[in-house]
Amino acid sequence: MKTEQLLQVAAGVILHPMHPGKFLLSKRPMDRHLGGLWEFAGGKIEADETPERAIIRELKEEFDVEVTVNKKVTHHIYHYPEVSLELHTFEVVITSGDIKLLEHDEISWVTIDDVDKYPIAPSNKMIIDYLRIKH
Ligand SMILES: Nc1nc2c([nH]c(=O)n2[C@H]2C[C@H](O)[C@@H](COP(=O)(O)OP(=O)(O)OP(=O)(O)O)O2)c(=O)[nH]1
């Protein structure tokens, strides 16, 4: 039997430092998989890396910020026609640095009530549902 290869991905729900209830969405560059859709910043987990370490590394690369990874939000598997992935999502707080857009075209601080205005990556719908239940 063929074992399915799951791409391991870590994503951070970055909480707004001043406005409780707001979190950060980022727009994926047009030339990438799911280009133009909104995501939680993060990326592929490297070999021998924990999801938490991956988030810390990715947010430094993408935004030039230092973060603390707090509690796990959720963890699920999603099948795109072209790739299957396992998405590990954690709450994150920025501890130092101002966000610089080193990879994304656009970011937005959103509340759970206005998140539906953003076309998000399909795999992220489950994360949004989870945040909505918790809210
Ligand atoms: N970062 C991130 N990727 C997501 C989310 N939702 C979702 O389906 N994905 C998908 C898009 C990609 O197929 C995959 C992650 O790839 P990526 O392109 O962000 O990873 P990366 O930064 O390590 O990219 P790379 O330069 O190494 O290719 O997971 C999300 O919320 N955040």
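The values are calculated or read from the model by the stated rules, or taken from the named source; none is laboratory data. Since we're looking at a predicted model, the values are computed, not measured. No Cβ is skipped: glycine too gets one built from the backbone with ideal geometry, and neighbour counts run over all protein chains shown. Just so you know, the surface numbers come from the protein's heavy atoms only, side chains and all, with ligands and any DNA or RNA stripped out. Shrake-Rupley method; radii C 1.70, N 1.55, O 1.52, S 1.80 Å.
Does Val110 fit the bill of being open to solvent by 50 Å² or more (accessible area, probe 1.4 Å), of a type in the set (A, V, I, L, M) and part of a strand (DSSP E or B)?
Taking the combined requirement at face value, the residue does not satisfy it.
To keep it simple, each residue is scored yes or no on (1) touching a residue at least 40 places away in the same chain (Cβ under 8 Å); (2) over 14 Å from the mean Cα position of the chain (by Cα); (3) farther than 18 Å from Val110 by Cα.
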site: Asp31; (1), (2), (3): no, yes, yes
site: Phe40; (1), (2), (3): yes, no, no
site: Glu52; (1), (2), (3): yes, no, yes
site: Glu58; (1), (2), (3): yes, no, yes
site: Glu61; (1), (2), (3): yes, no, yes
site: Glu66; (1), (2), (3): no, yes, yes
site: Val69; (1), (2), (3): yes, no, yes
site: His75; (1), (2), (3): no, no, yes
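Considering region 90-106 alone, what residues qualify as being open to solvent by 50 Å² or more (accessible area, probe 1.4 Å), not in a loop (DSSP other than H, G, I, E, B) and not small (Gly, Ala, Ser)?
Listed by number, the residues that qualify are Val93, Thr95, Glu106.
With Ser84, Ser26 as the choices, which residue is farther than 11 Å from Ala11 by Cβ and either modelled with pLDDT under 95 or among the polar types (S, T, N, Q) (or both)?
So the residue among Ser84, Ser26 that is farther than 11 Å from Ala11 by Cβ and either modelled with pLDDT under 95 or among the polar types (S, T, N, Q) (or both) is Ser84.
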